[in-house]
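Enquirer: Provided herewith is a single structure, encoded as structure tokens, for subsequent inquiry.
Nothing in this text is a laboratory measurement; each read-out follows from the coordinates by a stated rule. Only a predicted model underlies this, so the values are computations on that prediction, with no experimental measurement involved. Cβ placement follows ideal geometry from the backbone for every residue including glycine, while neighbour counts extend to all protein chains displayed.
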Amino acid sequence: MRELTINLPDEAATATFAARFATTIQPGMVIYLRGDLGAGKTTLVRALLNALGYQGRVKSPTYTLLEQYEVAGLQLRHFDLYRFRDASEWEAAGFGDEFDGSNICLMEWPDKAAGLIPPADIEIFFEILPEGRNISLHARTDTGRECLKSL
Ligand SMILES: Nc1ncnc2c1ncn2[C@@H]1O[C@H](COP(=O)(O)OP(=O)(O)OP(=O)(O)O)[C@@H](O)[C@H]1O
Ligand SMILES: [Mg+2]
């Protein structure tokens with residue numbers, strides 16, 4: 001399966017979807033989260049972490065650019081590149097090392113580091129509706145397709 005669109009009428013629906021998604025993600029996956037400010041990208045990452053059993057606080061990496069988590073035997077990396085400036089910042093922070101084939105990397109605003117970040121296995125597009133959100137998942141690799149198939 002290459003594409004899947006899901007309606008999320010409220011945050012509870014996001015949590016329900018995240019619980020399913022959590023069972024399909026694999027180490028090493030790169031997932032782009034695309035959508036306007038406030039579209040629900042961070043909310044989905046938080047729901048995913050909670051679904052995996054993470055009990056700590058999940059804050060938006062708005063200023064830190066990266067937050068890291070270890071849960072359920074997985075290493076997750078949550079990037080928000082909205083405030084990312086240039087390649088030298090990427091090098092200085094050593095972000096390239098995070099894409100090690102083992103960490104699961106979830107990236108908000110991936111376009112801000114175009115050319116630096118590896119391609120996505122899955123891109124998730126968020127659309128703001130009058131009530132709730134639509135998300136559309138697009139598989140870009142075989143790994144991504146396998147993941148969508150089992151959703
Ligand atoms: N499925 C949903 N239905 C209704 N509201 C939602 C849903 N998902 C998230 N929201 C709401 O959207 C708001 C913004 O969400 P969030 O911070 O996740 O956006 P974001 O896409 O990460 O934005 P940014 O690009 O600024 O980081 C929150 O108040 C959250 O409650
Ligand atoms: Mg966010």
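Enquirer: Arrange the peptides 53-64, 21-32, 79-90 so that the one whose residues have, on average, the most other Cβ atoms within 10 Å appears first.
Expert: Output ranking for 53-64, 21-32, 79-90: 21-32, 79-90, 53-64.
Enquirer: How much of the DSSP beta bridge set in region 18-130 is antiparallel, as a percent to the nearest 5?
Expert: If I count the DSSP bridges inside region 18-130, around 30 percent turn out antiparallel.
Enquirer: Helix-only estimate, please: 222 nm mean residue ellipticity of the chain, summing -39500 (n - 2.57) across DSSP H runs of length 4 or more and dividing by its residues, to the nearest 500.
Expert: -7500 deg cm²/dmol
Enquirer: Would you please give the residues with an amide H less than 5 Å from that of residue 75, counting only those at least 5 places away or on a separate chain, with H modeled from the backbone geometry?
Expert: For residue 75, whose amide H was placed from the backbone, the distant partners under 5 Å are 104.
Enquirer: Modelled label-to-label distance, residue 13 and residue 150, 7 Å Cα→beta-carbon offset: nm?
Expert: Here the answer is 2.6 nm between the modelled labels.
Enquirer: Rounded to the nearest 10 degrees, what's the angle between the helix 41-52 long axis and the longest principal axis of the chain, both from Cα atoms, 0 to 90?
Expert: With rounding to tens, the tilt is 80 degrees.
Enquirer: Note the angle between two axes, namely the Cα long axis of helix 11-22 and the longest principal axis of the Cα atoms of the chain, as a number of degrees from 0 to 90, rounded to the nearest 10.
Expert: Around 70 degrees separate the two axes.
Enquirer: Now for a separate question. Per residue and in Å³, how big is the convex hull formed by the alpha-carbon atoms of region 83-129?
Expert: 89
Enquirer: So, one more: Report the trypsin sites (Lys or Arg not before Pro) located in region 1-45 that are in a DSSP loop and have at most 16 other Cβ atoms inside 10 Å of their Cβ, or state none.
Expert: Passing sites in region 1-45 are 2.
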